[in-house]
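The values are calculated or read from the model by the stated rules, or taken from the named source; none is laboratory data. Bear in mind that the values here come from a model prediction, so they are computed numbers and not experimental data. For neighbour counting, all protein chains shown are included, and Cβ atoms are generated from backbone atoms with ideal geometry for every residue, glycine included. In case anyone asks, the SASA skips ligands and DNA or RNA and just uses the protein heavy atoms, side chains included. Shrake-Rupley method; radii C 1.70, N 1.55, O 1.52, S 1.80 Å.
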Amino acid sequence: MSIIYLFCSSFILAQVFCLNKTVTKINYCSHPDCSLENQHTLCVAANKQSPRLYASGMTSWMRYQILLLHNRHRDNIAMGLEPGQPPATNMRKMYWDYELEHMAEVWARQCQKRHDECRNTLRFNVLQNMDVRAVVSRVTEAQLLADAVGAWFSGSRVLPPDHVWSFRASNCSAPGGCNAHWYSAAAWASTWRLGCSQALCTAKKPSCVSFRKRRTISSEKPPSTSKPNVTRTTNILRRTKYMTSEKSSWFDDFVTADGNNKRKESPLYRGVVTQTDNDLKKRSETKILAYTFCNYGPAGNIDGFPIYEAGHTCANCPQGSLCGDRTHRALCSVLGDPDFITET
């Protein structure tokens, strides 16, 4: 009977949050868990975006990849392969949640390096991890996601082992910052729902002071007509569902289709200034920052509670779950999971 109930409830949640990839019509502006009215992320940041937003959104591959990364790290923790940390008896397998993704998407589009203030759902409380890093030349989306998730789980190195049995909030201003909090949020055993999103934003414009020095043309070498090495972010941008600019670089602002340099009027000095090769290279490399946010529920990091129960792997899986995943053998999978191996 409990299995039938679990299947029915899972089917209803899938219809509401997964299959149609929409969230229910909830008045988030009066969410009971928010201390102030209109404080919830889906209220205060709805239909808003930063002017620095270049692109945002998640593909099916990105969802699969970031979920796989989380479960791999949790599997290592459960098997006792995390250096300095004991194995876990009740580490649950994570599953994707589209409501959590929607909240992460709305907040990521603000291009802010800080957490939102209220993000709870009506089902459970929610914690959030954040990663901001530059998109350098030849970087892949897989590497961006792996670096972000790896940075969060690297917090185990600064987490005292006794905090596994009884979590205690640490001082984020201490060495290591909030890495221990990010690790415990992602490794909390009873957390099993995950939703993430990523936004690509241009870096803040530099001060005008650096441009007040008038550019001069070097008489030693004539300006080259060859195209500079532009930072390639086009492949990453193609996967997005939100685009705020069709340009992949600023190179087109200064070089014509046939490769000839344009003569552009300086905004600070009257007259015409010819762009040198070095100027073109500097201006063509648009600096892009990747803002990755992940929401976790039911939230952990509860003071005095264990991050997970230390002991023999899979010895105390929660009701309705059991170890038997084909890929993550030490995680407690929900009964009915397609990857769950049933004994015949």
Original post:
Given the conditions (1) in a helix (DSSP H, G or I); (2) touching a Phe, Trp or Tyr at 6+ places or on another chain (Cβ under 7 Å); (3) open to solvent by 20 Å² or more (accessible area, probe 1.4 Å), which single one is not true for A146?
Top reply: (2)
Original post:
Do the conditions hold for A180, that is, is it surrounded by 20 or more Cβ atoms within 10 Å (Cβ to Cβ) and at pLDDT below 85?
Top reply: yes
**OP:** Quickly run through segment 149-168 and pick out the residues that are open to solvent by 40 Å² or more (accessible area, probe 1.4 Å) and among the aromatic types (F, W, Y).
**Re:** W165
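Yes or no, residue by residue, for (1) among the small types (G, A, S); (2) under 17 Å from Y296 (Cα atoms); (3) modelled with pLDDT of 95 or more:
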site: R72; (1), (2), (3): no, yes, yes
site: G84; (1), (2), (3): yes, no, no
site: T89; (1), (2), (3): no, no, yes
site: Y95; (1), (2), (3): no, yes, yes
site: V158; (1), (2), (3): no, no, no
Original post:
Are any residues in segment 319-344 modelled with pLDDT of 90 or more, polar (S, T, N, Q) and more than 16 Å from L67 (Cβ to Cβ), and if so, which ones?
Top reply: Q319, S321
Subject >> Qualifying residues in segment 286-344 (those that are closer than 30 Å to K204 by Cβ and of a type outside the set (S, T, Y)) - the one most open to solvent (accessible area, probe 1.4 Å) >> reply: K287
Original post:
Assuming T140 fulfils every condition listed in (1) open to solvent by less than 20 Å² (accessible area, probe 1.4 Å); (2) of a type in the set (S, T, Y); (3) modelled with pLDDT of 90 or more apart from one, which condition is it?
Top reply: (1)
**OP:** Scan segment 120-137 for residues that are part of a loop (DSSP other than H, G, I, E, B), open to solvent by less than 40 Å² (accessible area, probe 1.4 Å) and among the polar types (S, T, N, Q) and jot them down.
**Re:** N120, T121
Original post:
Inside segment 72-119, can you point out the residues that are aliphatic (A, V, I, L, M), out of contact with any helix residue (DSSP H, G or I) (no Cβ under 7 Å at 6 or more places or on another chain) and outside any helix (DSSP H, G or I)?
Top reply: M79, L81
Subject >> Residue in segment 105-118 that is under 27 Å from L335 (Cα atoms), under 20 Å from the mean Cα position of the chain (by Cα) and open to solvent by 10 Å² or more (accessible area, probe 1.4 Å) present >> reply: no
**OP:** Enumerate the pairs (first residue in segment 77-101 and at positive phi; second residue anywhere and open to solvent by less than 10 Å² (accessible area, probe 1.4 Å) and part of a helix (DSSP H, G or I)) with beta-carbon separation below 9 Å, excluding pairs fewer than 6 apart on the same chain, so at least 6 apart or on different chains.
**Re:** G84/S156
